[in-house]
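Q: The following block contains the structure, expressed as structure tokens.
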Amino acid sequence: MNNAPDTSVPSDPTPQESSPAVTKIVDRIPLPGKEEELENAIKALITAALRYPGHLGVTVTRPALPYQPGFRLVYRFDSCEHLKAWEESIEHLRLASEANQYTQGEPQRQTLTGLEVWFTPLGHVPQSMPRRERTAIVTWLGIFPLVYCFSTVIRMLVPAATPAIVTIAVVTLLVVLAMTYVVGPLLTKVFGKWLRAPAK
């Protein structure tokens with residue numbers, strides 16, 4: 001079970017605003033001799049999560065000693081509300097409780113939202129989170145050329161009478177998609193060490 005489908009979503013304390021996509025990381029170290037039982041319980045969790053609204057996929061990596069002693073689940077949901085709905089559901093509580101029977105101690109959980117999600121590779125949890133000020137700089141390095149290029153192309157393709165709000169909506173949609181799936185991962189490879197380097 002090297003790669004499995006993905007799922008995650010958090011909850012937003014301000015309902016009047018739409019919350020960003022969220023990544024939930026769960027690490028489970030199997031009890032000795034219970035690796036197969038835990039893997040089956042994880043499969044049941046993933047299958048159930050796929051049926052919930054807002055699910056964007058799940059990646060699972062198997063134990064790889066000495067660097068990764070347990071199973072790592074990386075869920076992605078489209079909003080905090082949808083992640084909360086999944087995590088607070090009776091089905092999740094039941095399946096998570098079953099998985100806990102084969103897990104050493106409490107599973108380690110981490111939620112990522114906002115800009116750091118762009119600079120956290122899918123299925124990977126770094127030892128330290130990207131520093132906020134450096135995340136802002138690298139985000140600008142990615143967004144500025146994208147906005148310039150997409151807006152230039154859109155102006156060439158759409159009629160001059162097109163409302164500005166339509167053009168902006170298309171440009172921002174393309175920028176978010178490019179940052180999430182192409183530019184963000186590329187910048188992570190280039191600036192990954194610098195993003196997480198400790199402050200001197």
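The values are calculated or read from the model by the stated rules, or taken from the named source; none is laboratory data. From a predicted model like this one, the values you see are computed outputs, not experimental measurements. Methodologically, a virtual Cβ is constructed for each residue, glycine included, from the backbone with ideal geometry; neighbour enumeration extends over all protein chains shown.
Q: If we keep just the residues of the stretch 1-24 that are at pLDDT 50 or above and buried (at least 21 other Cβ atoms within 10 Å of the Cβ), which is farthest from Ser79 (Cα to Cα)?
A: Restricting to residues being at pLDDT 50 or above and buried (at least 21 other Cβ atoms within 10 Å of the Cβ), the top hit is Lys24.
Q: Residues being crowded, with 22+ Cβ neighbours inside 10 Å and touching a Pro at 6+ places or on another chain (Cβ under 6 Å): count how many of those fall in the stretch 47-75.
A: 1
Residue-by-condition table, conditions (1) outside the structural domain of Gln108 (by TED's automatic domain parsing); (2) touching a helix residue (DSSP H, G or I) at 6+ places or on another chain (Cβ under 7 Å); (3) part of a helix (DSSP H, G or I); (4) within 21 Å of Gln108 (Cβ to Cβ):
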site	(1), (2), (3), (4)
Leu38	no, yes, yes, yes
Ala44	no, yes, yes, yes
Gly57	no, no, no, yes
Val60	no, yes, no, yes
Pro66	no, no, no, yes
Val74	no, no, no, yes
